[in-house]
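Notes for the one structure printed next.
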Amino acid sequence: MKEIISTDQAPAAVGPYSQAVRIGDLVYTAGQLGIVPGTKEFAGQDVESQTRQALENLRAVLEAVGSSLQHVVKTTVFLLDMGEFGRMNSIYAEFFPENPPARSAVQVAALPLGGRVEIEAVAESPD
């Protein structure tokens, strides 16, 4: 059975989608931008601050369903500029210091609301 996950600790959806969906033992998150929850503002204009906030938002969504970043098995990182990969990666490594999940990273033509990075995840749901 599909369970829709929502929390006010992460930015509200900006379209017709859910912040996350749990089905069985897995949680699939929507992509998280570097927007500060409760606002429509990015944490900063640089990829580092947006990456940090996107991962904090991802953490909040996962915690809302009883999961965590430690349960993430796969992420996808969407970058506006692949030239910023190293800067994104240094922040990303802070959130996954040991046994990091599998990951894909791709450059895109544009991201919602003019973001520099968006990150989505698949995680185990320990419940």
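The values are calculated or read from the model by the stated rules, or taken from the named source; none is laboratory data. Because the structure is a prediction, the values reported are computed rather than measured. Note that we place each Cβ from the backbone using ideal geometry, even for glycine, and neighbour counts take in every protein chain shown.
Quick check on my filter: what residues within segment 81-111 are under 15 Å from the mean Cα position of the chain (by Cα) and surrounded by 12 or more Cβ atoms within 10 Å (Cβ to Cβ)?
Once the filter is applied, which keeps residues that are under 15 Å from the mean Cα position of the chain (by Cα) and surrounded by 12 or more Cβ atoms within 10 Å (Cβ to Cβ), segment 81-111 yields Met88, Asn89, Ile91, Tyr92, Phe95, Phe96, Pro100, Pro101, Arg103, Ala105, Leu111.
Please identify the pairs in which a residue from segment 72-83 that is touching a residue at least 12 places away in the same chain (Cβ under 8 Å) and among the hydroxyl-bearing types (Ser, Thr, Tyr) has its Cβ atom under 7 Å from the Cβ atom of a residue that is in a strand (DSSP E or B) and surrounded by 13 or more Cβ atoms within 10 Å (Cβ to Cβ), counting only partners at least 6 apart or on another chain.
Pairs found: Thr75/Arg103; Thr75/Ile119; Thr75/Glu120; Thr75/Ala121; Thr76/Glu120.
Might you check whether a residue that is on the phi > 0 side of the Ramachandran plot, without any contact (Cβ under 8 Å) to a residue 60 or more places away in the chain and not in a helix (DSSP H, G or I) occurs anywhere in segment 95-103?
Going residue by residue through segment 95-103, those that are on the phi > 0 side of the Ramachandran plot are 99.
Filter once more, so that each one left must be without any contact (Cβ under 8 Å) to a residue 60 or more places away in the chain: 99.
Subset that is not in a helix (DSSP H, G or I): 99.
Yes: segment 95-103 contains one or more residues that are on the phi > 0 side of the Ramachandran plot, without any contact (Cβ under 8 Å) to a residue 60 or more places away in the chain and not in a helix (DSSP H, G or I).
Suppose we filter segment 59-69 for residues that are without any contact (Cβ under 8 Å) to a residue 60 or more places away in the chain, in contact with a helix residue (DSSP H, G or I) (Cβ under 8 Å, 6 or more places away or on another chain) and assigned to a helix (DSSP H, G or I); how many remain?
2
Quick check: is even one residue across segment 40-58 at pLDDT below 95, more than 23 Å from Glu3 (Cβ to Cβ) and either in a loop (DSSP other than H, G, I, E, B) or under 12 Å from the mean Cα position of the chain (by Cα) (or both)?
Looking through segment 40-58, at least one residue is at pLDDT below 95, more than 23 Å from Glu3 (Cβ to Cβ) and either in a loop (DSSP other than H, G, I, E, B) or under 12 Å from the mean Cα position of the chain (by Cα) (or both).
Quickly run through segment 1-15 and pick out the residues that are out of contact with any helix residue (DSSP H, G or I) (no Cβ under 7 Å at 6 or more places or on another chain) and closer than 25 Å to Leu79 by Cβ.
Selection gives Ala12, Ala13, Gly15.
Looking at segment 111-127, which of its residues are in contact with a helix residue (DSSP H, G or I) (Cβ under 9 Å, 6 or more places away or on another chain) and modelled with pLDDT of 95 or more?
Gly115, Arg116, Val117, Glu118, Ile119, Glu120, Ala121, Ala123, Glu124
Here are Val36, Val47, Val27, Val65: which of them is surrounded by fewer than 18 Cβ atoms within 10 Å (Cβ to Cβ) and either of a type in the set (Val, Ile, Thr) or out of contact with any strand residue (DSSP E or B) (no Cβ under 6 Å at 6 or more places or on another chain) (or both)?
Working: Val47 fails: surrounded by fewer than 18 Cβ atoms within 10 Å (Cβ to Cβ); Val27 fails: surrounded by fewer than 18 Cβ atoms within 10 Å (Cβ to Cβ); Val65 fails: surrounded by fewer than 18 Cβ atoms within 10 Å (Cβ to Cβ).
Just a single option satisfies the conditions, and that option is Val36.
So in segment 18-39, with the set limited to residues that are assigned to a loop (DSSP other than H, G, I, E, B) and touching an Asp or Glu at 6+ places or on another chain (Cβ under 8 Å), which one is farthest from Ala123 (Cα to Cα)? I'd like the intermediate steps shown before the answer.
Restricting attention to segment 18-39, the residues satisfying the condition of being assigned to a loop (DSSP other than H, G, I, E, B) are 18-19, 24-25, 30-31, 33-34, 36-39.
Within this subset, residues satisfying the condition of being touching an Asp or Glu at 6+ places or on another chain (Cβ under 8 Å) are 25, 30-31, 33, 37-38.
Values: Asp25: 8, Ala30: 12, Gly31: 13, Leu33: 18, Pro37: 21, Gly38: 25 Å.
Only one residue fits best here, namely Gly38.
What are the pairs, 6+ residues apart or on separate chains, where a residue within segment 1-17 that is in contact (Cβ under 8 Å) with a residue 60 or more places away in the chain has its Cβ under 7 Å from a residue that is surrounded by 12 or more Cβ atoms within 10 Å (Cβ to Cβ) and part of a loop (DSSP other than H, G, I, E, B)?
Close Cβ pairs (under 7 Å, with a partner that is surrounded by 12 or more Cβ atoms within 10 Å (Cβ to Cβ) and part of a loop (DSSP other than H, G, I, E, B)) amount to Ile5/Ser18; Ile5/Gln19; Ile5/Val65.
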